[in-house]
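A quick write-up on the structure given underneath.
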Amino acid sequence: MKVAKRVGESTLELVTGDITKQETGAIVNAANKRLAPGGGVAGAIHQAAGPGLWEECRGLGGCETGEAKITSGHNLAAKHVIHTVGPVYQGSPDDPVLLGDCYRNSLELARDNGIKSISFPAISAGIFGYPMAEAARVSLKVVRDFLLKNSSVKLVRFVLFKPADFMIYRQALEQIVP
Ligand code: AR6
């Protein structure tokens with residue numbers, strides 16, 4: 001499944017699939033603060049990238065919630081991995097601020113490294129418990145606002161693992177980018 005919208009001079013796309021297979025310039029990892037392999041998307045990305053990714057991550061000194069760090073893609077099709085740590089959902093007003101920071105900081109890193117295309121998972125919406133519909137609204141608004149101000153990143157793709165998550169994102173997209 002796939003849907004695409006034009007935002008500014010760029011494309012915002014939703015697809016179902018596996019983020020480790022994406023051939024965009026960067027893929028984004030929903031990491032933990034140690035940048036260690038872990039489960040979920042992070043486990044899948046480290047598995048597909050090979051042990052060199054964890055070796056490189058170990059040297060980065062971790063990552064705070066809302067921040068982002070960049071590495072090489074190692075054995076992945078993507079040349080880079082951008083690691084960002086989402087908030088553990090608590091139902092507090094800080095949650096959307098920190099989740100928005102993850103997307104904005106990842107996009108700024110992509111822009112500053114000349115990356116033209118980037119794939120995101122639904123950060124925080126797995127093990128960290130963020131409700132998918134709220135996560136969709138927060139992430140799509142931040143990406144839309146970024147693309148309206150920055151034209152160097154040409155493609156932003158959300159890779160949703162489950163068809164039900166794709167449907168939730170598609171509904172949010174219709175409201176946020178009519
Ligand atoms: N491709 C795309 N999406 C995926 C994939 C995949 N291969 N695998 C899972 N998802 P999560 P979080 C979806 O739990 O909530 C890790 O252990 C999944 O269905 O990976 O930010 C880290 O080390 C869900 O919708 O990330 C952290 O400790 C979304 O990706 C913690 O989990 C995010 O799920 C981070 O938790």
Residues of segment 145-172 being in contact with a helix residue (DSSP H, G or I) (Cβ under 6 Å, 6 or more places away or on another chain) and over 18 Å from residue 17 (Cα atoms), in sequence order, are 146, 150, 152, 153, 172
Tally the residues that are at pLDDT 95 or above, surrounded by fewer than 13 Cβ atoms within 10 Å (Cβ to Cβ) and part of a loop (DSSP other than H, G, I, E, B), restricting the search to segment 153-178.
1
Return the residue satisfying two criteria in turn: it lies in segment 62-88 and is surrounded by 19 or more Cβ atoms within 10 Å (Cβ to Cβ) and of a type in the set (S, T, N, Q), and of such residues it is nearest to the chain's Cα centre (by Cα).
84
Segment 104-133, subset within 10 Å of residue 86 (Cβ to Cβ) and touching a strand residue (DSSP E or B) at 6+ places or on another chain (Cβ under 6 Å), residue surrounded by the fewest Cβ atoms within 10 Å (Cβ to Cβ):
123
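For residue 101, are the conditions met, namely being in contact with a Ser or Thr (Cβ under 9 Å, 6 or more places away or on another chain), within 24 Å of residue 10 (Cβ to Cβ), touching a residue at least 24 places away in the same chain (Cβ under 8 Å) and buried (at least 16 other Cβ atoms within 10 Å of the Cβ)? Give the derivation first.
Values: in contact with a Ser or Thr (Cβ under 9 Å, 6 or more places away or on another chain): yes; within 24 Å of residue 10 (Cβ to Cβ): yes; touching a residue at least 24 places away in the same chain (Cβ under 8 Å): yes; buried (at least 16 other Cβ atoms within 10 Å of the Cβ): yes.
Yes, satisfied.
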Filter segment 94-138 down to the residues that are assigned to a loop (DSSP other than H, G, I, E, B), within 14 Å of the ligand (Cβ to nearest atom) and not aromatic (Phe, Trp, Tyr) and list them by number.
121, 122, 123, 124, 125, 126, 127, 129, 131
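The values are calculated or read from the model by the stated rules, or taken from the named source; none is laboratory data. Small disclaimer: the values here were computed from a predicted structure and weren't measured. Glycine gets a Cβ as well: all are built from the backbone with ideal geometry, and neighbour counts include every protein chain shown.
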